[in-house]
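Here's the structure we're looking at; comments come further down.
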């Protein structure tokens, strides 16, 4: 997990679910559809393209990518016009074109070719054929300097690192000496080992940190290097002080400093070290150490919480304890001034500490051990645990807060156990609810299971009340966050078609439960006010395209994270859903202030992304459902009002088994192939 700032708060309503990739709404190439019409929706434009349409995707920047046999094209969704075409990228399968995580850029790949482009302008920022690279090892977008860093290998010669302008694609510099040995060349076995380390380093992805607009810090297996962002020259080098001198550091992570602008933090093996950005000098006399690998850090006002990770048993360093095959770990808190750890000895943990959720002077720890989750509460200033022993919970920690009644938490199901809601008494460590609120069956762990969200305990907060829907008994519960008590609201709320809700929202008229084919409006007293159900057509391809609508919205937050540089881009890539929600408010602030943080991108891309991100901050008023036409003639896509459950608009998709369509709920549009090579944009 990447460093997450001390601004992380514990109670933020659910906005989105972040994904570690920029997934997009799309379908596989079907036969052309004919005679498709829309009712209750307005055809905004009709576009005829060269060749049959194979697939389409909406990018986080708001451009529609359309693939035909003839070309890959970018379409302006407002005007319905092709803004650029790339004939050399025609006919690519959908999984060969993707958004680069944490960015607004798109990459397209085929054997022997990797192209990175701005989807708004169509400008090619990188073409692997130009520098003659046969293997791309690292690619990172660095918005603070408006650049794209690429590390790769040629057929012969040393590996290279090059920097490209995000607007023009111009190569700013190339460095062919980054992997040269800085220490004296050795003879014999020592020299052989130096050569092996260099070869391995050239083939290993770089750890990259943008340290202000003028400096890029990278780590190779040969050590830490600071590169001048304007020239690529090495400003300084540093060797990480491993337990055994000369051994390459493993599991290296670079962390930006949130509150002290003069430094960066480097986690490696079981150690954390601070380095001065100006000259690479170590700021601490020795590294702070823990038991286990450094999994991540959390910069709390009272110190740096170093989260440990269980390494493979044969790679553990320091004091190694193994229980039931799991390497036991130890957590500690380091002082900013000198790196000294507050606790004399690391605090014993059962395994990997996956998160530390800050609440005031404390942090709620989530510990993963033997595929089970334990929780505890850390007093950061004293580096002590408030519970005498870790408390095992069902599932994985999803939400937690310290209340007058104790530690209130909600878990999410995993492949082995269901989820629960409970309150832990901080004095005794015992759960307060003898019969915890539980979810239904555990999630099977299959990422392609589109009903996975139905196994979760959906929850929203309003004032002192936490509302939870439990799929175990299909009832709505109200938890008093102050008193630590709960009560059921109303009777069973049964969704038709054997479905469970995949989302829950709170609206002025009550709570809205949303499933792929059901929408239920429930009063705050638990009474069903409105319920609608539209049976799904038995067409998996149709449903896959529909269920990925939310990925378009989620992709916006991944792009927003990149505007903040590495701190937020890394958090976006590694975050759990709850972590992701904690940073969306800060990202929104940057975008609503004019998108200045996006200055590294083209003017068109920055303007469009800012506009689109602002629009995405509004929770959609409607939800899409795919169902059979009531007349029995094909399938229709309905847009349902969340407050009333009534259809707002309808688009007939015809009788094709897998029509080519994509839905963009941010722009409130549907893009549908109505005939061979013909695309229609509908405003819903």
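The values are calculated or read from the model by the stated rules, or taken from the named source; none is laboratory data. Just so it is clear, the structure is predicted and the values come from calculations on it, not from any experiment. Note: ideal-geometry Cβ built from the backbone for every residue, glycine included; neighbour counts use all protein chains shown.
Across the range 301-318, the number of residues qualifying as touching a strand residue (DSSP E or B) at 6+ places or on another chain (Cβ under 6 Å) and either free of Cβ contacts under 8 Å to residues at least 40 places away in the same chain or in a strand (DSSP E or B) (or both) comes to 9. For the range 597-638, a residue qualifies if it is in contact with a helix residue (DSSP H, G or I) (Cβ under 6 Å, 6 or more places away or on another chain) and assigned to a loop (DSSP other than H, G, I, E, B), and the qualifying residues are 600, 617. Exactly one residue out of 211, 205, 226, 238 is surrounded by fewer than 14 Cβ atoms within 10 Å (Cβ to Cβ) and out of contact with any helix residue (DSSP H, G or I) (no Cβ under 8 Å at 6 or more places or on another chain), and it is 205.
For the range 621-676, residues that are without any contact (Cβ under 8 Å) to a residue 24 or more places away in the chain and crowded, with 21+ Cβ neighbours inside 10 Å total 1.
Under the condition of being crowded, with 23+ Cβ neighbours inside 10 Å and part of a loop (DSSP other than H, G, I, E, B), the residues counted in the range 104-130 number 5. Here 148, 133 are screened, and the one residue that is closer than 24 Å to residue 213 by Cβ, touching a residue at least 24 places away in the same chain (Cβ under 8 Å) and buried (at least 20 other Cβ atoms within 10 Å of the Cβ) is 148. Of all residues being touching a residue at least 60 places away in the same chain (Cβ under 8 Å) and either in contact with a helix residue (DSSP H, G or I) (Cβ under 6 Å, 6 or more places away or on another chain) or closer than 20 Å to residue 288 by Cα (or both) in the range 342-368, which is surrounded by the most Cβ atoms within 10 Å (Cβ to Cβ)? Just the residue, please. The qualifying residue surrounded by the most Cβ atoms within 10 Å (Cβ to Cβ) is 363. The numbered conditions (1) surrounded by fewer than 23 Cβ atoms within 10 Å (Cβ to Cβ); (2) at pLDDT 90 or above are all true for residue 414 except (2).
Identify the residue in the range 534-548 that is more than 13 Å from residue 499 (Cβ to Cβ) and not in a helix (DSSP H, G or I) and, among all such residues, is modelled with the highest pLDDT. This residue is 537. Residue count for the range 246-294 satisfying the condition of being part of a strand (DSSP E or B) and touching a helix residue (DSSP H, G or I) at 6+ places or on another chain (Cβ under 9 Å): 5. The set of residues in the range 326-341 that are in contact (Cβ under 8 Å) with a residue 40 or more places away in the chain and part of a loop (DSSP other than H, G, I, E, B) comprises 336, 338, 339, 340.
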